[in-house]
Amino acid sequence: MLALLVEGVFHWGFSVRLITESAGAQYYPYPPPSTLIGALAYGVSSVKGLPESIISPAGKGSNTILSTVAQIHRAVRWATFAYSSNFSQRPVGAVGYSDFIRAFRLPYQRGQRHTWDQSDMWYGVNAHGRVYACGAGFKAIYLVNEKGLEELELSETDLLRAAYSIVRIGARESLVSVVSAEVTRDVEVQRSGEVKEPLEIEYYFPARLAEEVEHAELVHLPRLDPRLWEFRPNRPVALHEHEEFYSPLGLGFVRKPGRMLVDRLAEGAIVVIARLKGGVERLVAPAEVLGL
């Protein structure tokens, strides 16, 4: 297994809207794992010239259209995120908000409105969820399966080029500048029963993986599931599951860099220790992402 550390800075912040909502969607306070993998997949597609979508067999007489992200997920098994002050030019703070925008609302209206004489009803004012984090630093860690990387015909150099090709995390306007990227093979994995001392963790992780955590708060994020990247013609897409994640305790509604103290892990958790040139990064991840 490889670990890829990507560090950068938000230009103004980011927008990742709740996937279970339509017109007036609220925001996730952190980019979910699926969004982080999608950001890296954009870089991989730029480096390797991959299409935006692929067709994958999905049973008798039907095909499933998948985002290329689903293909990248075969190699990139997990991703997690933390705010950071490493490259920030100002104090780091992220604040969620909803802006009013002029939105195209026709997809959510009855068929009778789908005519030119009803075009004045096609647009409306909606809330648009955003997280403002102007100039805030961030870091993301990706756990990469080497066999999956080989199947995609990607090298470590390709992975680094893809990381430096990340231009946004979230919606198209969620622009970032990647300042640093590093791949390491010096990765140690510990099972929950092997961890004897409390751990200081900066990166969010599913709450089901720990039994006792201090200096943390709970946030709802989508469960990492390949169905997130499926498009099913003529069939409705089911609402995807969410789960609670632990993240460093914020200051009211402001989220900042911080560390959680994990006193006891639950079954099914692993601790990943990645040793890099700039230091050691520790994260908690589900054991199933590594096939354990």
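From the coordinates of this entry, log10 I(q)/I(0) by the Debye sum over Cα atoms at q = 0.08, 0.09, 0.15 Å⁻¹ is computed, and it appears in (1) -0.36, -0.46, -1.24; (2) -0.31, -0.40, -1.22; (3) -0.73, -0.79, -1.15 under the label (1). Each of Ala171 and Ile55 was given a label point 7 Å from its Cα along the Cα-to-Cβ line. The distance between the two points is 3.3 nm. Computing FRET efficiency as 1/(1 + (r/R0)^6) for Val195 and Trp116, where r is the C-beta to C-beta distance and R0 is 45 Å, gives about 0.10.
With all projection directions averaged, the alpha carbon convex hull of the range 22-142 covers 11.6 nm². Taking a sphere under 12 Å around the Cβ of Gly148 and counting the other residues whose Cβ falls inside, with K and R at +1 and D and E at -1, yields a net charge of -1. Look at the alpha carbon pairs under 8 Å that are at least 6 residues apart: their mean separation over the length of the chain gives a relative contact order of 27 percent. Which FRET efficiency value, to the nearest 0.05, is calculated for Ile273 and Ser85 with the Förster distance at 22 angstrom and r the Cβ-Cβ distance? Efficiency at R0 = 22 Å is approximately 0.50. Neighbour counting of Cβ atoms within 10 Å sorts the residues Thr68, Thr80, Thr157, Thr184, fewest neighbours leading, into Thr157, Thr184, Thr68, Thr80.
Calculated FRET efficiency, Leu261 to Phe104, Cβ-Cβ distance, R0 = 51 Å: about 0.65 to the nearest 0.05. Compared with the dominant Cα axis of the chain, that is its longest principal axis, helix 33-48 is turned about 80°.
Of the GluC sites (Glu not before Pro) found in the range 130-206, those that fall in a DSSP loop while having at most 10 other beta-carbon atoms within 10 Å are Glu153.
Using the Cβ of Leu251 as centre and a radius below 15 Å, the other residues enclosed give a net charge of +2, where K and R count +1 and D and E count -1. With θ taken as phi - 60° and the Karplus curve 6.51 cos²θ - 1.76 cosθ + 1.60 applied, the whole-hertz 3J(HN,Hα) list for the range 65-79 is 8, 10, 5, 4, 4, 4, 5, 5, 4, 4, 9, 8, 8, 7, 8 Hz, x standing for glycine and proline.
Read the figures in this text as sums done on the coordinates, not as results from a lab. Because the structure is a prediction, the values reported are computed rather than measured. Note that each Cβ is placed from the backbone with ideal geometry, even for glycine, and that neighbours are counted across all protein chains shown.
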